[in-house]
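The values are calculated or read from the model by the stated rules, or taken from the named source; none is laboratory data. Here the structure is a predicted model, which is why all the values come from computation and not from measurement. Backbone-built Cβ (ideal geometry, glycine too); neighbour counts: all protein chains shown. Side chains included, ligands, DNA and RNA excluded: accessible areas come from the protein's heavy atoms. Shrake-Rupley method; radii C 1.70, N 1.55, O 1.52, S 1.80 Å.
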Amino acid sequence: MNDSPCPKVSSSPRIGPVNLDRAVPFLDLKRSHAPLRERIVAALTGVCDSGAFVLGPEVERLEQTLAEYCQVPHAIACSSGSEALLLALMALGIGPGDEVIVPSFTFFATASAVTRLGATPVFADIDPKTYNISPLEVARLIHRTTKAILPVHLFGQAADMGAILALGERFQIAVVEDAAQAIGAEYRGRRVGSLGCIGCFSFYPTKNLGAMGDAGLLTASSAELAEELRLLRVHGMHPRYYHSRIGINGRMDAFQAAVLNVKFGLLENWTAERSRQAETYRDLFREFGLEDAVELPGSSPSARHVWNQFVIRVREGRRDALRQHLSERKIGSEIYYPLGLHEQECFSHLDYAPTDLPETFAAAREVLALPIFPGLTADEQYVVVARIAEFYQSAQSRTQVAAPMFLSRSASRVSSPMPD
C-alpha cells in the first residue's frame, strides 16, 4: 500500500485537505448543463422562431450526426428509448406466438416492448463479471419460436456480441441491440448500434448524452429496415393521411433534438472524463485496501466502456447496510436493479422462480452504483471511498480489510475525526 500522505489518482487531483463531511450527489446534471446554458437557450429559441416543433431540421441534423458517430448509414430519431425498442420489434414483425430472448438483469423497457406486441420474453441469465447477457444462456434458450435476441449493453459496456451474432446467424434469428446506456461504446472497434440489425438508444436525461426530457434513436444498416422504422414512427403514414402500416406516434420533438445537437459536441469529452473517474475509483479502492471487501466492475479488453454507471458488488448480504451508511452521510448511490425482471409481479405468469437465474438473483442483491458523472471531482470520489472504508472499519466485518489510510493520517488532513 502506498505510504504517501495522499493516494495517487488519475483525474482532477485533490489540492489540500479533503472535507470528509461533504455531501456527494449521485448525479448532478447542472454541472454539465451550466456551461452550455446560453447555447441551449439560443437553440431552443431558434426552434421557437422556426415553428418546426416535431421532427424537422433539428431532428434531421441530429440523425445525420449520430449516424456518422455510430458508424451506420441510417439513424432514425424517435420519442424515447422505450419506443425505440418497440419500433425495432414492430419493424421485424414480432408478435403473438414469438419468443424474444432478453436479459433479466436490465431496465423494464427491454422486456416491456416484447410483451406490448403480444410476444413472450424469455429471460436469460448474465455473466457475473460484466452483468451482460450470457451467450451460453442464450444458446441454451433458443427455440423454434425464437424470433429475436435482444442483448443489452448494460452500464456502458458492450455485450459479447461476437458470440451473440454468431448464434443469430447460425439460427437465422434477428439481433437487436439495446444500447440505451451505451452510446459511444465499442466492441472490437465497432460502435454499439452498428452490430445488430437495429440499435436502440435512449436520451433520457441521465444518459451519457441526455436530452431535457424523453428522446430516443434507432440505427440500422439496411435501407429497407430504416424506411420501415421511419414509417412506423408516424403511424405508418405516407403520404399524409394514407396509412400502409399500423404504426405509433414515435416522433422526436425538435426541442429535444436542439438540446442534443448542442450537447453532442461534448460527448467524447464527457466519456473521457467518466473513464478517468472510473480509474480514480480503482486507485482509491486499492489505496484504501478495499479490493477484497468489494468487487469492482470489470472492463473487457475487447470493448470500449463508456461508464454510464460505476457499479460495485457488495458480498455477504451487506449491500443494503452499506447503502444506508452512505445515505446517512449524504453520499448518493443507487441500486440497478433490485429485482431481475423474471421476479417482477407483472411477469409472474411466466412461472419463473427467483433462483432460476442464479447470477441475476445474486447480482440484484449485491450491486450498488456509485456517483459517476461529468463534473464529479476527485475530492468527492475520495469522500465516497473513504465513507465505504469507514463502513468496513467500524463494523466487525467478516472480511479482513486493512485499516483505511485516512485513519492514520495526521489530523490536519481531515476536517473532523471519523468514528471508530
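Residues that are open to solvent by 30 Å² or more (accessible area, probe 1.4 Å), more than 21 Å from Asp125 (Cβ to Cβ) and not hydroxyl-bearing (Ser, Thr, Tyr) occur in the stretch 309-317; there is at least one.
Looking only at the stretch 226-268, residues that are in contact (Cβ under 8 Å) with a residue 40 or more places away in the chain, open to solvent by 40 Å² or more (accessible area, probe 1.4 Å) and under 22 Å from the mean Cα position of the chain (by Cα) come to 3 in all.
Among the residues of the stretch 95-137, the ones that are crowded, with 24+ Cβ neighbours inside 10 Å, closer than 17 Å to Glu177 by Cβ and of a type outside the set (S, T, N, Q) come to 12 in all. A count restricted to the stretch 269-285 and to residues that are free of Cβ contacts under 8 Å to residues at least 60 places away in the same chain and under 18 Å from Tyr382 (Cα atoms) stands at 2.
Residues considered: Asp28, Asp21. Of these, the only one that is outside any helix (DSSP H, G or I), modelled with pLDDT of 95 or more, within 30 Å of Val383 (Cα to Cα) and not hydrophobic (A, V, I, L, M, F, W, C) is Asp28. Of everything in the stretch 188-225, what is of a type outside the set (Gly, Ala, Ser), open to solvent by less than 20 Å² (accessible area, probe 1.4 Å) and part of a strand (DSSP E or B)? Give them in sequence order. If the condition is that a residue be of a type outside the set (Gly, Ala, Ser), open to solvent by less than 20 Å² (accessible area, probe 1.4 Å) and part of a strand (DSSP E or B), then Ile198, Cys200, Phe201, Leu217, Leu218, Thr219 are the ones that fit.
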